[in-house]
Structures are given as structure tokens and as C-alpha cells.
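Undergrad: Sharing a structure with you now.
The values are calculated or read from the model by the stated rules, or taken from the named source; none is laboratory data. Just so you know, these numbers come straight off a predicted model, no measurement behind them. Here the Cβ positions follow ideal geometry from the backbone for every residue, glycine too, while neighbour counts run over all protein chains shown. With ligands, DNA and RNA removed, areas are computed over all heavy atoms of the protein, side chains included. Shrake-Rupley method; radii C 1.70, N 1.55, O 1.52, S 1.80 Å.
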Amino acid sequence: MSGAVSGYYVPAGTGSAGEYDLEVTPESASWGYSSLRVLSLEPAGTHTFDTAGDEVLVLPLSGSLAVEADGTHLELDGRTSVFSGPTDFAYLPPATVATLHSAAGGRFALCGARTDRRLPVRYGPVAGVPVELRGAGQSSRQVRNFATPAALEAGAIITCEVITPGGNWSSYPAHKHDEAGETESELEEIYYFEIAAGPHGEPGLGFMRTSSSPGHEIDLCEEVHDRDTVLVPYGWHGPCVAAPGHDMYYLNVMAGPPHPGSDQAGRAWLISDHPDQTWVRDSWTEQAVDPRLSNPASRRPTTAPDVS
């Protein structure tokens, strides 16, 4: 669809542009900062691109990859699929020409944020990706915080991955980050979904809800399928619900204007719970974490402000 986004829901295959299976830019989304491109490479495939005004994280969704940029060569081991665990990744600064090469082929996400800050090209090892469990009971999910403010120095981008087992809810309680203040930062957000097939290859599904917050009118409740994308310019977003039998993955890409009092680049990931759903957190203290999830670092549920 020539890179133009229709509304806030982008079904799989409708957001392609040029060589990309999906392309969301600040221009196509009519916002200021966040972007996402998904690239498929055949075996021995190569792709060269210019980051221009964005910093970009190269994240393997499936397959391995070599990255050449600013005279630096990085080898990303990648992974079999998003459901097989976290992955290593590459950080590319603005104004960088990069060449990607995949010997065996695969699919790769280019997560971007508009920024003037230029940091060096870097390798993000999989061993350094903080993995945590959030929620409990049917609100249990696994979060891979590979590029959150505490995990990665960057100019504007904040990104993480979430695995929600079939039948569970995530991004719950619903929350918002559309108003800068002491307890909330202003962030646009992209949700890119992959939904696991059923036991005999049946296509999976899930649901995502976004509703109006004060001063921001939006009303979205979508049945999401494998490789669909949802844009959140503002509003209360969540829950995301995985249908029983179909695990849900989503990649969150966020960016916004600098937030006073946060890190040196002004990155802050602060949220407000929907007031009708805040009680959900208290219920987790009496429930166990879903045993289908695993995390060697922590098996205890968290009731800290939950943004995924």
C-alpha cells in the first residue's frame, strides 16, 4: 500500500512498501518519532539502507544476519522464531548506511526512532537482554526488555518483546502514556504481532483494545492475526488477549519527545493505569505465575507499573 497507513490497524500484507513486508514511518503514521520496517531475505539475500534521521535497532525475528555499518562488522546469531527465546541485535545511529546479509535467509525487524543523538554502532548480546515475568495467573507474560532505558543507551527509542501464552491477557491493566508529567511520559507506540499456529497448523488469533483517554478520542478493538500491526498514537491501550491454544508475540516500538528529569537523552517509560483496572495488580499477589513461562532470573510476579 505504498507505505501509507490506513487508520490504526494494519493487517498483514497491507503495509508493505518497496522491499519491506511492513513499513511504518513517522510520515505514514502522522506522528513524530516511531518507525518499524520488517524485511524478509532469501538465502544469501542482501539489503542496504540508510538510517537517515533515525536510530535503528536490527532485530532478527527468524534467522541469522551479518551487519556492516560505519566500518564495523557484526554477526547476529538470531533465533529460529520469536517463540524460541530472545535474540541478539544491532544498534545503528542516524546518518548510517548499513548492509544486511543473511546466508540462510530470514525475517528481520528494523525498529526506529527519530533522534539527533548519534551513538556508535553496537552489538547487543542475547545474554545481556533482561528477561522478566510480569503479572500472574492468566495475566502472566514474559517481557524481553532489550532496548528499554535501563537496558540500552539510546537517543529516543524504547522497545521490548512480549510473549503471552494462549488464553492469557497482557498489556493489562490497560494503560496510557500520552501526557508528559511526573508519573507519565509521552510516547507513540507500535504493536507488531506474531501469533503461533495451532497443533495442526491452524492460524491463530487474538484481540487488542485501545480506547479514549482525556483529550484523545480513539476507539479500536481488533481481532489480530499473525503479522498484523496496531498503532497507538494515544489513549488507553490494552488488554491484548491471546486465544486459547495460540501463543501471542508482540514487538513494542516506542518513542516521543524528551522527558524532563529522565536519562540524558530524555528517554522515560512512565505510564498511568486505567483507573477501572488498577485493582488487577492486587489480585496477582494471590496467584502463581503461569508455569508455561520460564525465566531463570526471576519466577516471582511483579506488581510494579506494567507497560506490556
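Undergrad: Can you pull out every residue in the range 163-189 that is touching a Cys at 6+ places or on another chain (Cβ under 8 Å) and either under 24 Å from residue 28 (Cβ atoms) or open to solvent by 10 Å² or more (accessible area, probe 1.4 Å) (or both)?
TA: The initial filter retains those residues of the range 163-189 that are touching a Cys at 6+ places or on another chain (Cβ under 8 Å), namely 164, 169-172.
Hits for the range 163-189 are 169, 171, 172.
Undergrad: Right, something else. Quick one: how many residues across the range 100-138 are touching a strand residue (DSSP E or B) at 6+ places or on another chain (Cβ under 6 Å), within 16 Å of residue 148 (Cβ to Cβ) and open to solvent by 40 Å² or more (accessible area, probe 1.4 Å)?
TA: The total comes to 3.
Undergrad: Then there is this: Which of the residues belonging to the range 211-267 are acidic (Asp, Glu) and without any contact (Cβ under 8 Å) to a residue 24 or more places away in the chain? Outline the logic, then answer.
TA: Here is the first cut: in the range 211-267, the ones acidic (Asp, Glu) are 217, 219, 222-223, 226, 228, 247, 263.
217, 219, 223, listed by residue number.
Undergrad: Does residue 215 qualify as being modelled with pLDDT under 95, open to solvent by 20 Å² or more (accessible area, probe 1.4 Å) and farther than 19 Å from residue 139 by Cα?
TA: Working: modelled with pLDDT under 95: no; open to solvent by 20 Å² or more (accessible area, probe 1.4 Å): yes; farther than 19 Å from residue 139 by Cα: yes.
For residue 215, the condition - modelled with pLDDT under 95, open to solvent by 20 Å² or more (accessible area, probe 1.4 Å) and farther than 19 Å from residue 139 by Cα - is not met.
Undergrad: Also, quick follow-up: Give me the pairs: first residue in the range 17-28 and under 16 Å from residue 256 (Cβ atoms), second residue surrounded by fewer than 19 Cβ atoms within 10 Å (Cβ to Cβ), beta-carbon distance under 7 Å, and six or more apart or on different chains, which are they?
TA: 25/3; 26/32
Undergrad: For the range 236-257, check the following and say yes or no: at least one residue is more than 18 Å from residue 24 (Cα to Cα), small (Gly, Ala, Ser) and buried (at least 22 other Cβ atoms within 10 Å of the Cβ).
TA: Going residue by residue through the range 236-257, those that are more than 18 Å from residue 24 (Cα to Cα) are 236-249, 257.
With the extra rule that they be small (Gly, Ala, Ser), the set shrinks to 238, 242-243, 245.
From what is left, the residues that are buried (at least 22 other Cβ atoms within 10 Å of the Cβ) are 238, 242.
Yes, there is a match, as at least one residue in the range 236-257 is more than 18 Å from residue 24 (Cα to Cα), small (Gly, Ala, Ser) and buried (at least 22 other Cβ atoms within 10 Å of the Cβ).
Residue by residue, here is whether (1) modelled with pLDDT of 95 or more; (2) under 15 Å from the mean Cα position of the chain (by Cα) holds:
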position: 4; (1), (2): no, no
position: 9; (1), (2): yes, no
position: 22; (1), (2): yes, yes
position: 28; (1), (2): yes, no
position: 32; (1), (2): yes, no
position: 35; (1), (2): yes, yes
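Undergrad: If residue 153 meets every condition in (1) in contact (Cβ under 8 Å) with a residue 24 or more places away in the chain; (2) more than 30 Å from residue 116 (Cβ to Cβ); (3) part of a loop (DSSP other than H, G, I, E, B); (4) open to solvent by 40 Å² or more (accessible area, probe 1.4 Å) apart from one, which number is that one?
TA: Of everything listed in (1) in contact (Cβ under 8 Å) with a residue 24 or more places away in the chain; (2) more than 30 Å from residue 116 (Cβ to Cβ); (3) part of a loop (DSSP other than H, G, I, E, B); (4) open to solvent by 40 Å² or more (accessible area, probe 1.4 Å), residue 153 misses just condition (2).
Undergrad: Next up: Being part of a loop (DSSP other than H, G, I, E, B) and among the aliphatic types (A, V, I, L, M) is the filter here, so list the residues in the range 250-296 that pass it.
TA: If we filter the range 250-296 for residues that are part of a loop (DSSP other than H, G, I, E, B), which is where we start, we get 256-271, 274-279, 287-296.
265, 268, 270, 271, 288, 289, 293 - these are the residues of the range 250-296 that are part of a loop (DSSP other than H, G, I, E, B) and among the aliphatic types (A, V, I, L, M).
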